[in-house]
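Have a look at the structure below, then the notes.
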Amino acid sequence: MNADALARLKQAVGAKGFSEDPTEIAPHIVEWRSKYEGHTPLLLKPQSTAEVSAILAICNETRTAIVPQGGNTGLVGGQIPLNGEVLLSLARMNKIRNVDAANASLIAEAGAILADVHKAADEIGKFFPLSLASEGSCTIGGNLSTNAGGVDVLRYGSARNLVLGLETVLPDGRVLDLLRSLRKDNTGYDLKQLFIGAEGTLGVITAATLKLYPAPASYETAFIAVRDPQAAVELLDRLQNATGGLVSAFELIPRLALELVIAHIPDMRDPLASPSPWYVLAEATSAGKVSLREAFQETVAEAIEAHIAGDAVVSANETQRHGMWRLRENISEAQKREGASIKHDISVPVKDIPAFLAQGCALVAGMVPGVRPVPFGHLGDGNIHFNFTVPKGADADAFLAQWNKVSRAVHDLVNGFGGSISAEHGVGVMKRDDIVRYKSATEMDLMRTLKRTLDPNDILNPGKLV
């Protein structure tokens, strides 16, 4: 690193805006799963868009590489300075700048915690539907930079669909102010979409105008035993038809995932009397005076009569509902406590999920005898976290050494189904080389052209995504 450049960067943010303390830096350079660990000579902590602008202008002029970071909850290494780059944390830029009930929107800075955005919307009787297990620590800037998904994509769409406007600092320090709150604006290219899902390689998101929705007045939530994934797909169709498309979440859970949560997470128990090979956590929501209870519960009962579902429990109150969601939200943590795991974040067409799961589990079991499949997640939008836990008694390091071989086989299978090897976690460094295998030469050429055009000096998150 150029010593003069580092001195200028520190001057640009002032004494409170940077750190060289290894203790303070340490949590920022290790990913949650400890799969990626980096290093940096300098942590920058700007408090305004003007400071971010000054930082990037200096970095561009001096060819100083820099990695933007939100809440450091990413799982593909995109937010880690793997090669000693300067680290840019947006955590201090955490204000809710504006809340507009009449326009059903709010403006949040990039460092705003997702849970705080939920609270700001709730205070005006509105609802921001992006919902993630990490919502107590992930940030809006990171959510948008990775086009986060979560449990409510089925009804509301991913992060990309929840943005009206964006404020972004370009690699040369210019501020692109597209912080509009319009529902309709047909004046050319929708430039904000370039930066959503770009993982900080084209610009640094500093604020966003977010869409709000009417707050749900009632929730209908059920934990349902199903014989297999095909039955779950059939149940999804029945519930969507019965509720008029108001199913907001539809999560597939295998028996092993439930057992791991019960074993490793305190105060967790099986909601049903008898075990089932598969379960669905389904939820429909309604606002105002619209009632879903009769249609929702009747459909679940009819599915049981038709032998699509085995048993079910419908939440009678918020305590029961939160208990069901705790089972789902703790699967990743329980799997982590159980031991080493090889993970995939894939999507295929909903109709193909049963066939993909059958073929994929058999494929990996053939490669790793005794492996324990833990595929779970957002069946409603075709996104499955296709995970595998180390065989009982096996060496963890030897198991993890097979990650690349297993992932190549899984990703080839996903591609054969017309799916995606990254449904909601992004590409980062983990899948950077893999996407070349599955994207067309034209797609990759256009992506690289955008990168070269906006960041010709390759200072922003170099080596990630493209």
Check: Among the residues of region 142-178 satisfying the criterion of being in a loop (DSSP other than H, G, I, E, B) and hydrophobic (A, V, I, L, M, F, W, C), which is nearest to Ile113 (Cα to Cα)?
Finding: Ala148
Check: Checking Val67 against (1) touching a residue at least 40 places away in the same chain (Cβ under 8 Å); (2) buried (at least 18 other Cβ atoms within 10 Å of the Cβ); (3) more than 19 Å from Ser145 (Cα to Cα); (4) of a type in the set (A, V, I, L, M, F, W, C), which test does it fail?
Finding: (3)
Note to self: Which condition from (1) part of a helix (DSSP H, G or I); (2) touching a residue at least 12 places away in the same chain (Cβ under 8 Å) is the one that Ala225 breaks?
What the structure shows: (1)
Next item on the list: Take region 179-211 and flag every residue that is more than 24 Å from His118 (Cβ to Cβ), in contact with a helix residue (DSSP H, G or I) (Cβ under 9 Å, 6 or more places away or on another chain) and not in a helix (DSSP H, G or I).
Entry: Ala198, Thr201, Leu202, Gly203
Check: Among the residues of region 79-96, which ones are charged (D, E, K, R) and surrounded by 24 or more Cβ atoms within 10 Å (Cβ to Cβ)?
Finding: Glu85
Note to self: Being surrounded by fewer than 18 Cβ atoms within 10 Å (Cβ to Cβ) and either assigned to a helix (DSSP H, G or I) or out of contact with any helix residue (DSSP H, G or I) (no Cβ under 7 Å at 6 or more places or on another chain) (or both) is true for just one of Pro275, Pro266. Which residue is that?
What the structure shows: Pro266
Notebook entry, point to check: If you check Gly141 against the conditions, is it touching a residue at least 24 places away in the same chain (Cβ under 8 Å) and either in the same structural domain as Ala54 (by TED's automatic domain parsing) or touching a Pro at 6+ places or on another chain (Cβ under 8 Å) (or both)?
Noted result: yes
Notebook entry, point to check: Which pairs do you get when a residue that is under 15 Å from Val280 (Cβ atoms), found in region 294-315, comes within reach of a residue that is surrounded by 15 or more Cβ atoms within 10 Å (Cβ to Cβ) and of a type in the set (S, T, N, Q), reach meaning Cβ atoms under 6 angstrom, with the pair 6+ apart or on two chains?
Noted result: Gly310/Ser276; Val314/Gln297; Ser315/Thr221
Check: In region 275-294, what residues are over 19 Å from Pro129 (Cβ atoms) and modelled with pLDDT of 95 or more?
Finding: Pro275, Ser276, Pro277, Trp278, Tyr279, Val280
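Wholly within region 387-466, which helices (runs of 4 or more DSSP H) include no fewer than the required count, namely at least 2 residues that are closer than 23 Å to Gly366 by Cα?
Here the list reads 396-400, 403-416.
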Check: Can Val99 be described as surrounded by fewer than 21 Cβ atoms within 10 Å (Cβ to Cβ), under 25 Å from the mean Cα position of the chain (by Cα), of a type outside the set (Ser, Thr, Tyr) and at pLDDT 95 or above?
Finding: yes
Check: Are any residues in region 128-174 of a type in the set (A, V, I, L, M), within 10 Å of the chain's Cα centre (by Cα) and surrounded by fewer than 23 Cβ atoms within 10 Å (Cβ to Cβ), and if so, which ones?
Finding: Leu132, Ala133
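Glu283 - would you say it is farther than 20 Å from Gly380 by Cα and either in contact with a Ser or Thr (Cβ under 7 Å, 6 or more places away or on another chain) or among the acidic types (Asp, Glu) (or both)?
Judged against the criteria, Glu283 is not a match.
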Check: So Phe399 clears everything in (1) hydrophobic (A, V, I, L, M, F, W, C); (2) buried (at least 22 other Cβ atoms within 10 Å of the Cβ); (3) out of contact with any Ser or Thr (no Cβ under 6 Å at 6 or more places or on another chain) except one condition, right? Which one?
Finding: (2)
Check: Conditions: (1) part of a helix (DSSP H, G or I); (2) out of contact with any helix residue (DSSP H, G or I) (no Cβ under 8 Å at 6 or more places or on another chain). Pro81 meets all but one. Number of the miss?
Finding: (1)
Next item on the list: Kindly indicate the residue of region 102-127 that is assigned to a helix (DSSP H, G or I) and of a type in the set (Asp, Glu) and also nearest to the chain's Cα centre (by Cα) among those meeting that condition.
Entry: Asp116
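The values are calculated or read from the model by the stated rules, or taken from the named source; none is laboratory data. Keep in mind it's a predicted model, so treat the numbers as computed, not measured. We place every Cβ from the backbone using ideal geometry, glycine too, and count neighbours over all the protein chains shown.
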